[in-house]
1. Go through 93, 32, 145 and say which Cα lies farthest out towards the positive end of the charge dipole of the chain; charges sit on Cβ, +1 for Lys and Arg, -1 for Asp and Glu.
2. Please list 3J(HN,Hα) in residue order for region 77-89, calculated via the Karplus relation 6.51 cos²θ - 1.76 cosθ + 1.60 where θ = phi - 60°; whole Hz, with x for glycine and proline.
3. Of all the accessible heavy-atom surface of the chain, with the other protein chains kept in place and a 1.4 Å probe, what percent is carbon and sulfur?
4. At a threshold of 8 angstrom on Cα-Cα distance, excluding pairs fewer than six apart, so keeping six or more, what relative contact order does the chain reach in percent?
5. Ignoring ligands, DNA and RNA, what accessible area per residue does region 1-158 give at 1.4 Å, in Å²?
6. Taking the alpha-carbon set of the chain, what are its Rg and Dmax in Å?
7. Under a point-charge model restricted to the Cβ atoms of Lys and Arg (+1) and Asp and Glu (-1), what is the dipole moment magnitude of the chain relative to its Cα centre, in debye to the nearest 20?
8. So how do 7-13, 102-108 stack up, highest first, on mean other-Cβ count within 10 Å?
Amino acid sequence: MVELDSIDRRILAVLQADGRISNLEVAERVGLSPTPCSRRIKRLEDSGVIQGYSARINPLALGLSICVVVSVRLAKQTPDAASQFLSAIEDRPEITECLLVTGSVDYLLRVWVKDIEALRQFISAALQAIPCVAETSTMVILDTTKSNGLSTADTAARPGREQ
């Protein structure tokens with residue numbers, strides 16, 4: 001992995017806040033001229049530090065009003081069971097995030113649906129119907145207070161981090 005200095009971290013913070021910002025504006029905000037700034041951004045992209053750019057879509061605009069986190073416990077913790085589970089959920093548009101975790105469950109899923117009936121249908125027909133799934137538990141998200149991914153500004157400001 002590429003080593004990041006304080007300027008790289010500032011560039012990342014600026015781009016994370018606004019991925020559509022021009023190179024000239026990024027350069028001005030971090031105190032560089034445009035050419036070295038552009039080179040740094042290209043290096044961050046090429047090395048995989050910057051994995052891409054995307055738009056954050058308002059789920060309500062898509063008719064999705066309910067967000068839940070579903071914990072999933074598999075009947076057996078084997079490579080075959082994990083593969084079967086991941087294959088079964090791969091094309092499910094309701095699932096926006098799938099995390100393999102430690103602890104008493106195997107996976108956490110972030111799921112968006114239009115209403116409670118759609119949630120019920122998704123859980124029973126899509127999740128609980130997978131043969132390797134032993135148990136699911138659903139938690140409704142009531143409010144999101146922070147959702148912007150990794151904040152390089154936060155990590156840079158912690159004690160022991162380069163400022």
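1. Looking along the dipole axis, the top candidate is 32.
2. 9, 10, x, 5, 5, 4, 5, 4, 5, 5, 5, 5, 9
3. Using a 1.4 Å probe with all protein chains present, the chain comes out at 52 percent carbon and sulfur.
4. Across the chain, relative contact order equals 27 percent.
5. Here the per-residue accessible area is 64 Å².
6. 20.2, 57
7. 300 debye
8. 7-13, 102-108
The values are calculated or read from the model by the stated rules, or taken from the named source; none is laboratory data. This is a predicted model, so every value here is computed, not measured. With ideal geometry, Cβ positions are generated from the backbone for all residues, glycine too; neighbour counts draw on all protein chains shown. Note: areas computed on protein heavy atoms with side chains; ligands, DNA, RNA excluded. Shrake-Rupley method; radii C 1.70, N 1.55, O 1.52, S 1.80 Å.
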